[in-house]
Amino acid sequence: MLVLGIESSCDETGVALVDAGGPGVPKLLGHALHSQVRMHEAYGGVVPELASRDHIRRVLPLTHEVLRQAGRSLPEIETVAYTRGPGLAGALLVGAGVACALGASLGKPVLGVHHLEGHLLSPFLGADPPQFPFVALLVSGGHTQLMRVEGVGDYELLGETIDDAAGEAFDKSAKLMGLGYPGGPALSKLAQQGDAKAFALPRPLLHSGDLDFSFAGLKTAVLTQARKLGDQLEPRKADLAASTEAAIVEVLLKKSLAALKQTGLKRLVVAGGVGANQLLREQLNAACAKRGVRVHYPELDLCTDNGAMIAMAAAMRLAAGVQEANRDYAFDVKPR
Ligand code: KG4
Ligand code: ZN
């Protein structure tokens, strides 16, 4: 049972093929990705119209590339899955339109997937897939959520950000330090040369007693600090980056531990772009090892947006019987 997955919600065009025919977890047969980061760099962020146009240019060549990698042909595809949302409307429409056109022309059903469910299930693509139930920390550019995951499609939201996402906190802080876009990896790299204790930045909602997050105040504090430094920002940049990263990571760590305690679960899955952050991984690994908790991450290259997670989520939803593919090719998307 071959499932093709297409991801086009933001600035990465991703296509992948999984085989859901055998026993156990579906198997990744091939995946290809085109990142638009270079294209958007000059503008300091994603330009939606440019993103849509580039998805149009890339999606079919990537599809052929994936089929070539897997040694398969178009007619062998059984289901065409795509990201239905959330994301940029125009960008989503490209993936949905292509998926439905492919489905219609091949006479095969299609299936729309929630982007975050793709991230959530992405650790199943790795060599060490988690077992249900687990706590999930979803940390991307647009979302920060803690969830209790009982099985495919069975998710309870435990807490989420009330304003900015963790990735946004990285990106916006990086931008006002002049580190470019996307800021997360750049800020994290610079932070390695800095002193994380140099600046006392706030840890919003750290002691709120619930599992919600807030990062808007942190971004403002970074801005205030940068302005105060003025000419001195340049030589202190690494210190400010390290202090910012430490504040974000501490909040994510403490809230994840609180979620594990509250649920009594002994497994944690960390997914989404910020899950690639090395400091977060080190601190979570150390804290969880002490508590007998196993932590699962997606492979590093599958932390950020990709088609493999969409194909995997679709295959797992089909296998679990929580969603059926359909032949209604009159698609729509859900940007929010
Ligand atoms: O999951 P993702 O690719 O896209 C969304 O669905 O939003 O996440 C992108 C986010 C960006 O905010 C990026 O700065 C952040 O993940 N990110 C990182 C790292 N790698 C990516 N943040 C901190 N450290 C990293 N190593
Ligand atoms: Zn994402």
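The values are calculated or read from the model by the stated rules, or taken from the named source; none is laboratory data. The structure presented is a predicted model; accordingly, all values stated were derived computationally and were not measured. Here Cβ is always computed from backbone atoms with ideal geometry, including for glycine, and neighbour counts include all displayed protein chains.
Structure data summary
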{"item": "Some residue of region 198-213 being surrounded by fewer than 20 Cβ atoms within 10 Å (Cβ to Cβ) and within 15 Å of ligand 1 (Cβ to nearest atom)", "result": "no"}
{"item": "Residues of region 36-50 that turn out to be at pLDDT 95 or above and either aromatic (F, W, Y) or touching a Ser or Thr at 6+ places or on another chain (Cβ under 8 Å) (or both), as a count", "result": "1"}
{"item": "Residues satisfying the stated conditions in region 123-144, i.e. small (G, A, S), touching a Gly at 6+ places or on another chain (Cβ under 8 Å) and under 17 Å from E299 (Cβ atoms)", "result": "S140"}
{"item": "Members of region 137-162 that are surrounded by 17 or more Cβ atoms within 10 Å (Cβ to Cβ) and closer than 24 Å to G183 by Cβ", "result": "L137, L138, V139, S140, G141, G142, H143, T144, Q145, L146, T161"}
{"item": "Count of region 300-326 residues which are in a loop (DSSP other than H, G, I, E, B), surrounded by 15 or more Cβ atoms within 10 Å (Cβ to Cβ) and away from ligand 1 (no atom under 12 Å from the Cβ)", "result": "2"}
{"item": "Long-range neighbours under 9 Å by Cβ, at least six apart or interchain, first residue over 21 Å from G153 (Cα atoms) within region 319-335, second among the hydroxyl-bearing types (S, T, Y)", "result": "F331/Y82"}
{"item": "Selection count, region 317-334, where residues are farther than 22 Å from L62 by Cβ and touching a helix residue (DSSP H, G or I) at 6+ places or on another chain (Cβ under 7 Å)", "result": "1"}
{"item": "Matching entry among G159, G142, G151, G178 (being more than 8 Å from ligand 1 (Cβ to nearest atom) and in contact with an Asp or Glu (Cβ under 8 Å, 6 or more places away or on another chain))", "result": "G159"}
{"item": "Subset of region 255-295 that is without any contact (Cβ under 8 Å) to a residue 12 or more places away in the chain and among the small types (G, A, S) - its residue that is nearest to L158 (Cα to Cα)", "result": "G264"}
{"item": "Filter result for S52 (buried (at least 16 other Cβ atoms within 10 Å of the Cβ) and under 18 Å from the mean Cα position of the chain (by Cα))", "result": "no"}
{"item": "Restricting region 163-184 to residues that are of a type outside the set (G, A, S), under 27 Å from A259 (Cβ atoms) and surrounded by 18 or more Cβ atoms within 10 Å (Cβ to Cβ), the residue that is farthest from ligand 2 (Cβ to nearest atom)", "result": "K172"}
{"item": "Matching entry among L229, L268 (being buried (at least 22 other Cβ atoms within 10 Å of the Cβ) and of a type outside the set (S, T, N, Q))", "result": "L268"}
{"item": "One residue from V113, V152 being at pLDDT 95 or above and within 24 Å of G264 (Cα to Cα)", "result": "V152"}
{"item": "Selection from region 280-301 of residues that are among the hydrophobic types (A, V, I, L, M, F, W, C) and modelled with pLDDT under 95", "result": "L300"}
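Condition check ((1) under 18 Å from the mean Cα position of the chain (by Cα); (2) within 16 Å of ligand 2 (Cβ to nearest atom); (3) at negative phi) across all residues:
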{"site": "E250", "(1), (2), (3)": "no, no, yes"}
{"site": "K254", "(1), (2), (3)": "no, no, yes"}
{"site": "L260", "(1), (2), (3)": "no, no, yes"}
{"site": "L268", "(1), (2), (3)": "yes, no, yes"}
{"site": "A271", "(1), (2), (3)": "yes, yes, yes"}
{"site": "L284", "(1), (2), (3)": "yes, no, yes"}
{"site": "A319", "(1), (2), (3)": "no, no, yes"}
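Residues checked against (1) surrounded by fewer than 16 Cβ atoms within 10 Å (Cβ to Cβ); (2) more than 20 Å from L111 (Cα to Cα); (3) in contact with a strand residue (DSSP E or B) (Cβ under 6 Å, 6 or more places away or on another chain):
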| position | (1), (2), (3) |
| --- | --- |
| Q36 | no, yes, no |
| E41 | yes, yes, no |
| G45 | yes, yes, no |
| R58 | no, yes, yes |
| E65 | no, yes, yes |
| T83 | no, no, yes |
| G95 | no, no, yes |
